[in-house]
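Asks: For reference, the structure I am asking about is given below.
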Amino acid sequence: MPAHDRPFSVDHDVEVPVPAPGELWTVGAVILNRDGEAFAQKRGPHRRLFPDTWDVVGGHVEAGESLLGALAREIEEETGWRLRRVRRFLGIATWHGDDGAGLRHEADYLVEVEGDLDRPALEWSKHSAYGWFGRDTLDRLKENRGPGEFLVHDLVARALRDRPQEH
C-alpha cells in the first residue's frame, strides 16, 4: 500500500474544497516544529515555476486524486515525512504560473507529520535548501519575489499568527 494511503486524522472543522471539472488544483502544507517554526524549502534555480524562491511543501493534484490524498503524497515525496493530522484549512489562493497552464487553485493546510524533522529527505534535484521560519525570520520568505508576490510569506505568517493551541 502506498504510504499516502495510510490513514491520517482530519480535525472535524477542516474544510476540504471540491474542485470543479477542468480546474487545476494544487495543495500546500504548513508544517510546524516543536518551537512553532514553519518548514519551507527553496526551489532550485533551474525550476520553471518560481525559481530560487521559498515554498511550502506541496504540489499539483493528479487526475483522480483527492486534495488530502495529494497533500499526503506531496509531503512524503518532498520530505520523507508522513502526514499524521490535518489540523486546519488555511484557505484557497489562486495564481497563474508563467508556464501557460492557466489559473490554479491552491488549498493550503496546517498539518502535523511523522518523521525526523531534523532530517527531511528533500528532492535535491528540485530544491536547493530548507529552513525553519519563525515570526522573526519570516521576511526571508520574500527573497527573490517581486512586490505583491508574497503568497508563501503571507500563508506562513497567517499559520503562525492563528496557530491553534495543542490539545
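The values are calculated or read from the model by the stated rules, or taken from the named source; none is laboratory data. Please read these numbers as outputs of a predicted model, since none were measured by experiment. Note that each Cβ is placed from the backbone with ideal geometry, even for glycine, and that neighbours are counted across all protein chains shown. Ligands, DNA and RNA are excluded from the accessible area calculation, which covers all protein heavy atoms including side chains. Shrake-Rupley method; radii C 1.70, N 1.55, O 1.52, S 1.80 Å.
Asks: If I take all pairs of Cα atoms in region 71-167, what percentage of them are more than 21 Å from each other?
Replies: Details: 2045 of 4656 pairs.
That tail contains 44 percent of the Cα-Cα pairs.
Asks: Along the Cα→Cβ direction, 7 angstrom out, place labels at residue 118 and residue 9. What is the inter-label distance in nm?
Replies: 2.6 nm
Asks: With equal scatterers on the alpha carbons only and no solvent term, can you work out the Debye log10 of I(q)/I(0) for region 78-121 at 0.20, 0.30, 0.31 1/Å?
Replies: The computed values of log10 I(q)/I(0) come out as -0.78, -0.96, -0.99.
Asks: Still on this structure, I have one more. Between residue 62 and residue 92, what is the label-point separation in nm under the 7 Å Cα-to-beta-carbon projection?
Replies: That separation, rounded to one decimal, is 2.4 nm.
Asks: Compute the accessible area per residue over the chain, keeping the other protein chains in place, probe 1.4 Å, unit Å².
Replies: Values: 8900 Å² over 167 residues.
On a per-residue basis, the chain sits at 53 Å².
Asks: Divide the volume of the convex hull of the Cα atoms of the chain by its number of residues and quote the answer in cubic angstrom per residue.
Replies: It comes to 122 Å³ per residue, whole-number rounded.
Asks: More than 21 angstrom separation, counting every C-alpha pair in region 38-110; what % is that? Intermediate results must be reported in sequence, preceding the final value.
Replies: Details: 723 of 2628 pairs.
That tail contains 28 percent of the Cα-Cα pairs.
Asks: Could you work out the Rg to Rh ratio of region 12-71, with Rh taken as the Kirkwood radius (inverse of the mean 1/r over all Cα pairs)?
Replies: Ratio of gyration radius to Kirkwood radius for region 12-71: 1.03.
Asks: Of the options 129, 12, 93, report the single residue whose Cα projects farthest towards the positive end of the charge dipole of the chain (beta-carbon charges: Lys, Arg +1; Asp, Glu -1).
Replies: In the chain, that residue is 129.
Asks: Can you figure out the FRET efficiency of residue 35 with residue 101, using R₀ = 35 Å and their beta-carbon distance, to the nearest 0.05?
Replies: Computed FRET efficiency for residue 35 and residue 101: 0.45.
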